[in-house]
Amino acid sequence: MLGNHLPRRCGIATFTTDLSDAIAAADPELDCFVLAMNDGRHQYAYPGRVRFELADNDTGAYTRGADFLNVNAVDVISVQHEYGIFGGKAGAHVLTLLRELRMPIVTTLHTILASPNSQQRRVMDELTALSDRLVVMTAGGADLLHEVHGVDREKIDVIPHGIPKVPFAGSKSRLGVEDRPLILTFGLLSPDKGIEHVIDALPSILLHHPDAVYIVLGATHPHIIERHGETYRLMLEERAKRLGVDGSVIFHNRFVSQAELSEFLAAADIYITPYLNPEQITSGTLAYALGAGKAVISTPYRYARELLAEGRGILVPWKDAEAIATEITGLLDDPAKRLALRQRAAAHGEAMLWPAVAESYLQTFEHARSAHSLRRQTAFRASTLAMRPADLPLINLDHVVVMTDDTGILQHATYNIPRYDEGYCVDDNARALMLMTLIEDAGTEDPKLVRTLASRYLAFVSHAFNRSAGRFRNFMSHSRNWTEEQGSEDSHGRSLWALGTVVGFSADPGRYSLAGALFHDALPAVAGFTSPRAWAFALLGIEQYLRAFEGDREVQASGRAIADRLLALFRRSDRPDWPWFENSVTYCNARLPQALVSAGAWLGDDGMTETGLRSLEWLMTIQKTPDGYFAPIGTNGFFERGMTAAIFDQQPVDACATVSACMHAFRATGDHRWAEHARRAFTWFLGQNQLQQSLYDPLSGGCRDALHADRMNDNEGAESTLSFLLALMDMRANEVRRNATQIAMPVRELVAAGAQ
């Protein structure tokens, strides 16, 4: 089984734990074990049934998990799927594991969205294609899966949410509410639970039943705690005090055991789920309450409408305290009506008890196994070297952290030790800001660390902006004194690029707002620049900015003017044997064609895109050794028209630029030659160069500063390290896009093709 597991605190963890216990009890001959998902770097004291742990943001863990399952000759894997428990956009990382498996896959879907966004749709479409059987908990869920994702109904099994056996009645005295009408809500607290509307109903309820008590049982969801603290719970408490009902509300702020939960459920007179999400297709808490034979009141979300049909419960309108009060009062006034509801609920709940649910799952597993022989025939073919993506290093931010202090990232290092005497620059802090923004968007690293670093780098870039001059300063000493009133045009353009990336990708409202304001304040200066690289950086920033504000005509007009200047520069210098922007090829060269390819795409100018591609193609021919290695133009002399190109010193920043430009070209054309160019440039970092030496240092997480004629430069500065990591992010993003858009031919079609 793959999913969360207790003692991690969430509904999926409880479900996976209960289901694995029930299956093990149903057939003791089975070896039933769990691969548990960890959130970030959190660790849990798991029981022996958990034999493998995966950090949700560690992409390599998913590949290792697949190897573990394949080597152990597992007969079937049961996946508990919820978008939020797996890393990557819309939980896409889990697909990396599932694609490699050689056993049948049965996926239980805990969320099915009526209107998924494009990423959620892509993930769900591939997930359903990879799965041999799909389990949903209601007929409505099966309808959604068929209607929204086109899944054949024959592939779907409806198995109810499992529940434990709970006594029909219990003692209130142990809970301290003896002889008082007890209204209960339980589960992890979050703002979508709607508990405030029950509190709003209490004044009316207490007019009729002044001794009634409302118990809210459960801790605040860990993710809510992490992002918002206890704001929601405190709001509920203050609301109860303002309404004068605080003497009738009890909060049990803890994650309760199964035994404790059974005790609370058995004692409750009325159970209520006032949830606010209409699309919710499962609710373990509602299933437990119904199975316990409670008189249930709920808002009409999808799961509640189906589970409480045929008189098994009462539905009330959304956010309607008056309706809640009316129904609760009516049930407390009429014990016979309450008992009838309870009896119908308990009768329906018999089929939801875990032993019955486990038997249904075992039948589904057998069904999946019997239909799986065709998939097994193609397992080895799918993992051949020619077809599988290249292995990429894991993201390692250790050296970035070492190079960063409470001001920003330092420029240089002696070996892997930061060099304070050369201070900071906005160039590197802008690169670092861009990197953290892309990592945060990918969801692959510790979110707390990434947020902290991103905020620090943005603070540096913001401080670097000289508002009176409309320009960024670049160099700052370690004593925090600026050494200039304005920096280079290139550093200004690179800062704009980073700010545009924050606007285009960041979900943090503070960073997003500050970056947007800075972007608008800094963009006008580019009109007076003469550096083509500054133009290119600004254009790349505009591309990212327009991801969020496609209709910003002022920014579009600025971008058009800059792109036209860059294109005119190329046309003045262009010759059949020299399709380039200047009479020399110097540094960050690939950024120039990349900017034209980029601008041509969002301007809808095919001629501009073609010019960018032609110049990039020529650049790739002169950055290649006779034996096929990537070799960026050396900085010791560069390449003047009519002269011989310098071979050394080769710089990581140029390899990074080439990877990024080729990825842009690949996205613009779909031509896989560009992806191969990018791969060749990236492996330069990993030893596929003229010296056959790796510039990337996996021990420190840093990258050496240059490739010289006879050796590597052993220093690991910020520019080189950030260049490697940005190139790695580009390569990883390409794999994500490849997986999202190039889903393999369905297994049965592959087998049929092979047979023919």
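Read-outs: derived from the displayed coordinates by stated rules, not from any lab. The structure presented is a predicted model; accordingly, all values stated were derived computationally and were not measured. Don't worry about glycine lacking a Cβ; one is built from the backbone with ideal geometry, like all the others, and counts go over all protein chains shown.
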Original post:
How much mean residue ellipticity at 222 nm does the chain get from its helices, if each DSSP H run of length 4 or more adds -39500 (n - 2.57) and you divide by all residues, to the nearest 500 deg cm²/dmol?
Top reply: -15500 deg cm²/dmol
**OP:** Could you list the GluC sites (Glu not before Pro) in region 543-624 that lie in coil according to DSSP, counting only those with at most 11 other Cβ atoms within 10 Å of their Cβ?
**Re:** GLU550
**OP:** Mind checking region 556-624 for trypsin sites (Lys or Arg not before Pro) that DSSP puts in a loop (not H, G, I, E or B) and that have at most 10 other Cβ atoms within 10 Å?
**Re:** none
Subject >> Positive-pole candidate from VAL461, GLN692, ALA678, dipole of region 398-741, charges at beta carbon >> reply: ALA678
Original post:
GLY487's amide H: which non-local residues (gap 5+, or another chain) put their own amide H closer than 5 Å, with H modeled 1.01 Å from N in plane and none for Pro or chain starts?
Top reply: PHE472, ARG473, ASN474
**OP:** For the pairs LYS155/LYS193; LYS165/LYS448; LYS89/LYS165; LYS193/LYS241; LYS241/LYS448; LYS241/LYS294, note any where the Cα-Cα span goes beyond 30 Å.
**Re:** LYS155/LYS193; LYS165/LYS448; LYS89/LYS165; LYS241/LYS448
Original post:
Once you charge only the Cβ atoms, +1 for Lys and Arg and -1 for Asp and Glu, what is the size of the charge dipole of region 1-123 about its Cα centre, to the nearest 20 debye?
Top reply: 520
**OP:** Could you size up the charge dipole of region 173-352 around its Cα centre, putting +1 on the beta carbon of Lys and Arg and -1 on that of Asp and Glu, and report it in debye to the nearest 20?
**Re:** 220
Original post:
Given that just one value was derived from the coordinates, which of (1) 39.0, 138; (2) 30.1, 99; (3) 26.7, 82 is Rg and Dmax of the Cα atoms in Å?
Top reply: (2)
Original post:
How high is the relative contact order of the chain, in percent, counting Cα pairs under 8 Å that sit 6 or more residues apart?
Top reply: 9
**OP:** Please figure out what share of the DSSP beta bridges in the chain is antiparallel and state it in percent, rounded to the nearest 5.
**Re:** 35
**OP:** Work out the charge dipole of the chain with +1 on the Cβ of Lys and Arg and -1 on the Cβ of Asp and Glu about the Cα centre, then indicate which of SER298, PRO626, TYR361 is farthest towards its positive end.
**Re:** TYR361
Original post:
Once phi is turned into θ = phi - 60°, what whole-Hz ³J(HN,Hα) does the Karplus curve with 6.51, -1.76 and 1.60 give for every residue of region 166-174, x standing for Gly and Pro?
Top reply: 10, x, 5, 9, x, 8, 8, 5, 5
Subject >> In Hz, Karplus ³J(HN,Hα) per residue of region 100-111 (6.51, -1.76, 1.60; θ = phi - 60°; x = Gly, Pro) >> reply: 8, 6, 10, 10, x, 10, 10, 10, 8, 9, 8, 9
Subject >> Charge dipole (debye, nearest 20) of the chain; +1 at Cβ of Lys and Arg, -1 at Cβ of Asp and Glu >> reply: 540
Original post:
Got a sec? How would TRP535, TRP602 order by Cβ neighbour count within 10 Å, fewest to most?
Top reply: TRP602, TRP535
Subject >> Residues with amide H under 5 Å from that of ILE163, placed H, sequence gap 5 or more >> reply: LEU353, TRP354
Subject >> Size of region 398-741 as Cα extents on the principal axes (Å, biggest first) >> reply: 47, 47, 43
